[in-house]
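The values are calculated or read from the model by the stated rules, or taken from the named source; none is laboratory data. Note that the structure is predicted; figures quoted are calculated from it, not measured. We place every Cβ from the backbone using ideal geometry, glycine too, and count neighbours over all the protein chains shown. For the accessible areas, the whole protein counts, side chains as well, though only heavy atoms, and no ligand, DNA or RNA atoms are used. Shrake-Rupley method; radii C 1.70, N 1.55, O 1.52, S 1.80 Å.
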Amino acid sequence: MLKLNQLTKRYATGDLALKAVDVEIPKGQVVALIGPSGAGKSTLIRCINRLVEPTSGGVDLNGKELTKLGSGALRQARRRMGMIFQEYALVERLTVMENVLSGRLGYVGFWRSFLRRYPQSAVDEAFRLLERVGLDHMADKRADELSGGQRQRVGIARALIQDPELLLVDEPTASLDPKTSRQIMRLICELCAERDLAAIINIHDVALAQMFVQRVIGLRFGEVVYDGPPNELTPDTLTQIYGEEDWEATIEKVDEEEVVTPEEGAVA
Ligand SMILES: Nc1ncnc2c1ncn2[C@@H]1O[C@H](COP(=O)(O)OP(=O)(O)OP(=O)(O)O)[C@@H](O)[C@H]1O
Ligand SMILES: [Mg+2]
């Protein structure tokens, strides 16, 4: 269980990016965080693993208050939070396998990964994960030889090899074509279901979020303005989140896209 308690962030510039956000996310729940640019979505995700230091409020993950941890304990806690980024953040010159294995070291330890000091059990687990994300045949390929969809699969495997208690995902599909985006969202959500893993996914594509998640949280100006099931998002609530626009088309698009064909599970 993740509990955000009055989580507030004011940047040094004076920007109040999060205003006393209260959110509880139970184990196994996948939440899409939507909202206009600048709403505070990335800030929220980064305050959880303290890539950004919250100004006030609490972040409780499975009974541990993360905002109070010293640097050593924070490093330990971060290893249990898998992070997946839009820009993939792979080490270009390393192979797919090495990139996945680097997840074992948390956010530091590049040199240990460079020297390839991994126990056999970690290598076996990396193979299993690569198989699961559909990339076992590419273990020896260099990261810079992969497509965007393949790179994101590596990022997912790398996050999962950390054996995370929580996945933090920032715009995983922003650089991908629509079909690959769906495959990646489906993969993330399936993996969370398999592992009873909670996730927060920042996403701009509302229709895509609605197709795969159980819960949508809408942020605007650093405040939660919607929190509920995806099918209860109406043009009015979208206006509350994003401001005035014609939202009918977005909602219709979801209805059309609900029919998903099996071959779409194939690897991009
Ligand atoms: N490092 C920073 N220093 C100062 N202000 C920042 C910093 N990062 C973000 N902000 C401000 O905080 C607010 C929230 O930004 P954030 O990046 O969290 O939004 P977002 O919802 O992720 O937007 P986007 O959809 O464009 O990624 C914005 O007003 C932004 O300008
Ligand atoms: Mg962002």
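Once you've got the GNM for the chain with C-alpha springs shorter than 10 Å, pick whichever of 149, 243, 40 has the biggest mean-square fluctuation. Looking only at 149, 243, 40, the largest GNM fluctuation is found for 243.
All other residues with a Cβ under 11 Å from the Cβ of residue 215 taken together, and with Lys, Arg as +1 and Asp, Glu as -1, what is their net charge?
Value of the local net charge: -3.
On a per residue basis, region 3-65 carries 43 Å² of accessible surface, using protein heavy atoms and a 1.4 Å probe. DSSP beta bridges in the chain, what fraction antiparallel, as a percent rounded to 5? Antiparallel bridges make up about 50 percent of those DSSP assigns within the chain.
Kindly flag which residue pairs out of 41/64; 27/179; 3/64; 3/27; 19/64; 3/68 have an alpha-carbon separation exceeding 19 Å in this structure.
41/64; 27/179; 19/64
Summary of packing: across the peptides 157-167, 185-195, 90-100, the per-residue average of other C-beta atoms within 10 Å ranks them, highest first, as 157-167, 90-100, 185-195. In the chain, Cα pairs under 8 Å separated by at least six residues give a relative contact order of 25 percent. Charge dipole of the chain (Cα centre as origin; +1 on each Lys and Arg Cβ, -1 on each Asp and Glu Cβ, all else neutral): 1840 debye, rounded to the nearest 20. Remark on region 67-108: Rg and Dmax equal 12.1, 37 Å (Cα only). Taken one residue at a time, the phi angles of region 34-40 give Karplus couplings (6.51, -1.76, 1.60, θ = phi - 60°) of 10, x, x, 3, x, 5, x Hz. Gly and Pro are set to x.
Per residue, region 115-224 exposes an accessible area of 39 Å² to a 1.4 Å probe, with every protein chain left in place.
Can you give the helix-only mean residue ellipticity at 222 nm for the chain, where every DSSP H stretch with n ≥ 4 adds -39500 (n - 2.57) and the sum goes over all residues, rounded to the nearest 500 deg cm²/dmol? Could you put the intermediate results ahead of the total?
Working: 10 runs with 98 residues, N = 268.
When only DSSP H runs of four or more count, the value is -10500 deg cm²/dmol.
Karplus-based coupling profile of region 96-105, in residue order and whole Hz: 3, 4, 5, 5, 5, 4, 4, x, 5, 9, with θ = phi - 60° in 6.51 cos²θ - 1.76 cosθ + 1.60 and x standing for Gly or Pro.
Residues whose amide H falls under 5 Å from that of residue 80, counting only those 5 or more places apart or on a different chain, are absent, with hydrogens built in the peptide plane.
Between the listed residues 122, 197, 221, the Cα displaced farthest toward the positive end of the dipole of the chain, a dipole computed from Cβ unit charges relative to the Cα centre, is found at 122.
Can you check what the net charge comes to around residue 61, using other residues whose Cβ is under 10 Å from the Cβ of residue 61 (Lys, Arg +1; Asp, Glu -1)? The answer is 0.
Magnitude of the charge dipole for region 120-247, about its Cα centre and with charges confined to Cβ atoms of Lys, Arg (+1) and Asp, Glu (-1), is about 400 debye. Residue 173: net charge of surrounding residues, Cβ under 13 Å, Lys/Arg +1, Asp/Glu -1, itself excluded? My count for the surroundings of residue 173 gives 0.
If the segment from residue 75 to residue 240 were pulled out straight at 0.36 nm per residue, it would be longer than the present Cα-Cα gap by 55.6 nm. Against the 2.2 N^0.38 Å scaling, with N counting residues, where does the chain land? I'd like the Cα-based Rg ratio to two decimal places. Compactness ratio reported: 1.00. Rounded to the nearest Hz, the phi-derived 3J(HN,Hα) couplings of region 59-69 under the Karplus curve 6.51 cos²θ - 1.76 cosθ + 1.60 (θ = phi - 60°) are 10, 10, 10, 6, x, 10, 7, 6, 6, 9, 6, where x marks glycine and proline. With the gyration tensor restricted to C-alpha atoms of region 93-246, the semi-axes of the equivalent ellipsoid amount to 33, 15, 14 Å, longest first.
With all protein chains in place and a 1.4 Å probe, the accessible surface of the chain carries 49 percent carbon and sulfur.
Here the relative contact order of region 141-223, from alpha carbon pairs under 8 Å that lie six or more residues apart, stands at 30 percent. Basic side chains Lys and Arg get +1 at the Cβ, acidic Asp and Glu get -1 at the Cβ, and with that the dipole of region 10-160 about its Cα centre reaches some 360 debye.
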